[in-house]
Amino acid sequence: MLPVELLFWIAVAVPIYAYLGYPVLLLLGSVFKRPVHKAPFEPSVTLLIPAYNEAEHIAGKIRDSLALDYPADKLEIFVACDGSTDATPAIAQSLADGHRVRVLSFPKNRGKIATLNDGVREAKGEIVVFSDATALLYHDSVRELITNFADPKVGAASGRYTVIRADEVGIGKSEDFYWRYETFLKVLESQLDSMLGAHGHLHAIRRDLYPFPPPGTINDDYIIPVSVLSKGYRAVYEPKAIVYEEAREMTGFGRRVRIMAGNLQQLREIRTLLRPLRLLPLFFFLSHKVSRLVVPFAMVAALAANAFLLGVPLYRALFVLQAVFYALALAGTFARLRPKMLMLPYYFCMINAAVFFGVYHALTQRRGMAWK
């Protein structure tokens with residue numbers, strides 16, 4: 001086999017393993033489940049809602065939180081406003097009573113991590129639940145999430161993220177499919193050992209285990225739950241704790257760039273899986289996180305290597321298939337293709353293209369990426 005052929009097949013193998021091979025391995029290993037000992041459990045809880053310019057959503061979020069099925073005397077709703085320039089603090093304060101609903105308003109926008117860190121310092125609950133202002137919860141979502149903490153080995157837990165009104169956005173169905181796929185992986189990882197990363201719209205941690213991430217941390221919903229692993233705890237996934245958001249709230253290339261920049265930043269967190277050694281979470285990290293970052297480079301390598309092999313019929317046919325795939329991706333940037341599955345090439349290329357911009361942010365040390 002020629003070196004260019006070897007390069008081609010290695011490059012093709014990377015995305016196949018990352019998106020197909022790894023899930024198959026998780027399914028095969030699912031016979032060795034490690035159950036969480038859940039039980040009815042009602043510790044004191046702080047629902048921490050970080051908010052920056054969320055005047056459109058904050059009132060609904062607070063009312064939604066007040067309607068949760070959890071004892072009122074054990075649930076504190078804590079809104080942390082990070083230097084909002086709109087009416088968010090005023091609206092939140094109008095609904096606060098100083099006891100069940102509290103508001104902490106910072107005059108300067110410092111970033112989400114600083115807001116979370118100060119919010120946790122002021123929190124009164126044994127368990128801190130994090131939930132974004134745009135995310136809406138089912139009435140029993142917090143109760144279902146908290147049942148996992150009846151198991152003393154559980155240090156963090158995540159709810160299940162769902163997308164609604166996907167048809168209203170061009171890539172809404174693709175985004176919905178992606179999050180269903182991610183949920184599938186997180187459930188399997190959690191059943192085997194621990195999930196890697198939570199859904200930022202709804203996750204929780206024991207307050208005394210909160211790691212107080214340093215300024216500049218991007219993917220707080222990864223750093224916070226994974227930090228408990230080095231302390232001997234598990235981070236688990238709770239499919240019954242449902243949080244939902246409209247598709248229009250979570251689209252945009254800039255959002256993807258931010259996520260990918262955070263994924264690159266996460267690479268340094270491998271040390272938490274090495275000391276002490278956590279073999280399964282380490283395998284999850286390499287297969288779920290690291291391989292995804294390699295995929296876009298492998299895609300470029302596969303296309304380039306394929307171009308040098310056009311003299312062989314097999315490779316000529318594979319090149320045509322690649323060309324059709326990228327043509328659909330390009331067409332998806334200009335029009336909403338039908339049927340909706342034709343938008344998948346565009347979505348797949350979009351999330352992988354974001355890696356290159358994430359690398360740029362990492363190399364230029366642009367860590368203060370604004371949060372919205």
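The values are calculated or read from the model by the stated rules, or taken from the named source; none is laboratory data. The shown structure was predicted, so the numbers you read here are calculated from the model rather than taken from an experiment. Cβ atoms come from the backbone with ideal geometry, glycine included; neighbour counts cover every protein chain shown. Surface areas here come from the heavy atoms of the whole protein model, side chains and all, with no ligands, DNA or RNA. Shrake-Rupley method; radii C 1.70, N 1.55, O 1.52, S 1.80 Å.
What percent does the relative contact order of the chain come to when contacts are Cα pairs within less than 8 Å and at least six residues apart?
With pairs under 8 Å counted, the relative contact order is 20 percent.
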Heads up, I need the accessible area for HIS139: 1.4 angstrom probe, whole protein in place, Å², nearest 10. 120 Å²
Ordering MET195, MET260 by accessible area with a probe of 1.4 Å, largest first, what comes out? MET260, MET195
Hey, what angle do you get for helix 253-266 against the long axis of the chain, alpha-carbon based, 0 to 90 degrees rounded to 10? 90 degrees
Hull surface over four for the Cα convex hull of the range 150-232, reported in nm², is 6.7 nm²
Sorting GLU126, GLU182, GLU42 by accessible area (1.4 Å probe), largest first, what list results? GLU126, GLU42, GLU182
Project the alpha carbons of the range 54-121 onto their principal axes and report the range along each, largest first, in whole Å. 33, 26, 17
Could you state the angle between the C-alpha long axis of helix 291-307 and the longest principal axis of the C-alpha atoms of the chain, as a value from 0 to 90 degrees rounded to the nearest 10? 20 degrees
In Å, what Rg and Dmax follow from the Cα atoms of the range 1-54? 22.5, 64
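Using a Förster distance of 51 angstrom, determine the FRET efficiency expected from the C-beta separation of LEU2 and ARG275, and round it to 0.05.
Details: r = 43 Å, r/R0 = 0.84.
The formula returns an efficiency of 0.75 here.
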Helix 313-332 sits off the longest principal axis of the Cα atoms of the chain, rounded to the nearest 10 on a 0 to 90 degree scale, by 40 degrees
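Order THR46, THR272 by their accessible area, 1.4 angstrom probe, all chains in place, largest first. Write down the numbers at each step before the final one.
Numbers: THR46 0, THR272 20 Å².
Most to least solvent-accessible, the answer reads THR272, THR46.
Which FRET efficiency, nearest 0.05, do HIS139 and TRP9 yield, Cβ-Cβ r, R0 51 Å? Each step should come with its number before you reach the end.
On the way: r = 51 Å, r/R0 = 1.01.
With a Förster radius of 51 Å, E is 0.50.
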With 5 Å bins from zero, work out the P(r) of the range 222-372 over every alpha carbon pair and list the percent per bin. 2, 7, 13, 14, 16, 17, 13, 9, 6, 3, 1, 0
Tell me, rounded to the nearest percent, the portion of alpha carbon pairs in the range 82-220 spaced more than 20 Å apart. 57 percent
Run lengths n ≥ 4 of DSSP H only: what is the helix-derived mean residue ellipticity at 222 nm for the chain, with -39500 (n - 2.57) per run over all residues, to the nearest 500? -13500 deg cm²/dmol
Shape call, the range 239-308: gyration tensor on alpha carbons, a/c limit 1.5: oblate
Pseudo-spin-label distance GLU126 to ARG110, built 7 Å along Cα→Cβ, given in nm, is 2.9 nm
Take the range 1-157, compute every pairwise Cα distance, and split them into 10 Å bins from 0; I just need the percent in each bin. 10, 30, 23, 16, 13, 6, 2, 0
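So for the chain, what percent of the C-alpha to C-alpha distances run longer than 30 Å?
Numbers: 28462 of 69006 pairs.
Value for the chain (Cα pairs over 30 Å): 41 percent.
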